[in-house]
Amino acid sequence: MYWYHAKNLIVEYLRQQLYPLLFIQLKNFSMIEILLNYWWVVLIVVCLVLYKYILRFLFGMIIVPEDRIGLVTKKFVLFGADKSLPDGRIIATKGEAGFQAKALAPGLYFGMWFWQYDVTMELFMIIPEGKIGLVMSKDGAPIPTGNILGQSVDCDNFQDAEKFLNNGGQRGRQRAYITTGSYRINTLLFQVSITDMIRIQESKVGIITTLDGQPIEAGQIAGKLVEGHNNFQDFDLFLQNGGNRGLQPQVILAGSYNLNPWAVQVEEIPMTEISIGFVGVVISFIGTEGRDLTGSDFKHGNIVNKGDKGVWIEPLGPGKYPINTYIMKVELVPTTNLVLNWASARSEAHNLDKNLSTITVRSKDGFPFNLDVAQIIHVPTTEAPKVIARFGNMVNLVSQVLEPTIGNYFRNSAQDSDVIAFLSTRKERQESAKEHIKKVLDEYNVNAVDTLIGDIVPPDSLMKTLTDRKIAEEQKVTYETEKKAQETRQGMEKETAIADMQKEIVKAQQGVEIAERIANATVKKSEGDAASVKLAVSAEATATKMRAEAESEAIKVKASAQAEQISLTGAAEAGRILAVGKSTAEAYELAVKALGGENFTRYKITEELSKGNVKLIPDILIGGNGNGGNAIDGLLGLKLMEMIDPNKKELKEKNTDNKPPLRAKN
């Protein structure tokens, strides 16, 4: 190394000092004169150019640059060592002829004569970031039978080939590897392949399969669980702890790993995700034969503790789990209410009912018809392992239990009744189906929440008959309703007419009272007038008393006679009016008692109508109740006819104008 720097300094000095001199002298001297005069310069230049060969020839000196390694091949042996390599060896460790295990590190070496040694310069082995170097040895002890990789030995990361061979290193692919960095690798012994590190992405899991180790135990599909090997990165420790070749129960999670692909193969798969509303029942294919925890009553499979082979009694809740799907299986079981539709055109998002269709049944009277059914079920979390142990998955539960149970129930139920009865008792049959299916599903550790009957589609011919019958019934109801409406309307018109006539009756009663009051007033007035006349006559008599006694007496007698006359006249008139009023009232009272209140009212109405020149006998006579012909019913009927046909009213008015009125007889 020091000679290399000195040589560079000498060459630089000669270039600066001799080059101008030689350039000037070349113009004036021939080539021979230059060589004779400057032979020493030529000698120095030749030595500088061929210094390696000269030093190698004179001293056997080799200079190994700082970024290289010298690989030595020994051509022959002079003395002091075996001349040939042992059988099966290609690398010499004891000075034998051939490829030498000991390489030359950067530096200056002597005695490496060119006629005995051949030295090749090789660059350092550089492993980039994110890579590893896989090493294969061309020499060493044979790998034991059953193994495919050479054991790891202390050899300074394969930089000391001699130590590798002396420590029992084996030929072939090596378990150990080299990581990122620069290495002085003897490529005469080792061949290095650069490969990527193993990277596991987020939400992924790495499934490990080892290529070396002890055979897997009989009856198992994966090796036993081995700890302490740093996620298979220390493969030697994995083997020392009794690791098996083949599928491993342990997985690796997201991250970067220095894994030897000659020893470990990794398959990246997504994590097992259990959504909200589900639980995951774990079925383990490896582990010890666990004790069944269900007892003698449950005979459909083994439910064991976590870690044993079989169905685990503890299901997994919602979340993500690094499950090795080659040794475990997770069956998702919905724990929310699950709706299953027996309908050809409808299916839920879970697709458990995608193979279910509308149920076709046949009635007692031989009619086939279709009905849609919806069943709501619920699987409790604690019962989910039993359901999976019994059926294997939820699809089998639907196909093996629910589909035949519900289908056969409704087929049997339909054969006990005709179509009409089935339609009319739909609610009762739905309740009966709910109870029956609940009892059946309880035996399979499933809760039946509800059973719902959807559309019922009878045959078209029967539907037409039912439709016609229903239309006829509705028409009958319509006619009855219209009839009642007309009867109600007639009664309303009758009551309206009676109410209108009641005003006349009240008016007559008020007239009677008014007459009585007028008579009383007249009597009072006559008495007052008599008193007034009497007072006036007395005053006049007093005034004229002084003129004549005789005349006064005569006038007094006359006045008395006149006053008595007036008093009697007023009393008689008042008595007459009072007698007329009382007789009229008594006559009304007797008439009411004799005829009845309603007949008397009708009588008075008739009397008043006759006074108004109203035609009592109409052109169209509408009878009453058939018991002698009620006049008021006739009048109400005539009024109704006028409202129905206004032309009748006009005709009546015309007849009234042309013909004399017919008065009623009292």
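Observations on the structure shown:
- Selection count where residues are under 24 Å from F367 (Cα atoms), among the aliphatic types (A, V, I, L, M) and at pLDDT 85 or above, scope segment 427-470: 3
- Hey, L211 over 48 Å from the mean Cα position of the chain (by Cα) and touching a residue at least 60 places away in the same chain (Cβ under 8 Å) or not: no
- Test: residue in segment 309-319 that is among the small types (G, A, S), assigned by TED's automatic domain parsing to the domain that holds G223 and over 30 Å from D442 (Cβ atoms): no
- Where P404 falls short, out of the listed (1) in contact (Cβ under 8 Å) with a residue 60 or more places away in the chain; (2) surrounded by fewer than 16 Cβ atoms within 10 Å (Cβ to Cβ): (1)
- When S182, S193, S152 are checked against the criterion of being surrounded by fewer than 21 Cβ atoms within 10 Å (Cβ to Cβ), in contact (Cβ under 8 Å) with a residue 40 or more places away in the chain and assigned to a loop (DSSP other than H, G, I, E, B), a single residue qualifies: S152.
- Which listed residue, of G223, G213, G181, G169, is under 25 Å from F285 (Cβ atoms) and either hydroxyl-bearing (S, T, Y) or out of contact with any helix residue (DSSP H, G or I) (no Cβ under 8 Å at 6 or more places or on another chain) (or both): G223
- Strands (runs of 3 or more DSSP E) completely within segment 260-343 that count 1 or more residues being closer than 14 Å to P385 by Cα: 278-284, 310-312, 328-334
- Residues in segment 155-176 that are farther than 14 Å from W262 by Cβ and either without any contact (Cβ under 8 Å) to a residue 24 or more places away in the chain or hydrophobic (A, V, I, L, M, F, W, C) (or both): C155, D156, F158, D160, A161, K163, F164, L165, N167.
- Test result for D468, closer than 30 Å to A374 by Cβ and among the acidic types (D, E): no
- Being surrounded by fewer than 18 Cβ atoms within 10 Å (Cβ to Cβ), touching a helix residue (DSSP H, G or I) at 6+ places or on another chain (Cβ under 9 Å) and among the charged types (D, E, K, R) is not true of K320.
- The listed residue being β-branched (V, I, T), touching a strand residue (DSSP E or B) at 6+ places or on another chain (Cβ under 6 Å) and modelled with pLDDT under 95, out of I132, I143, I148: I143
The values are calculated or read from the model by the stated rules, or taken from the named source; none is laboratory data. Keep in mind the model is a prediction, meaning the values are calculated, not measured. Here Cβ is always computed from backbone atoms with ideal geometry, including for glycine, and neighbour counts include all displayed protein chains.
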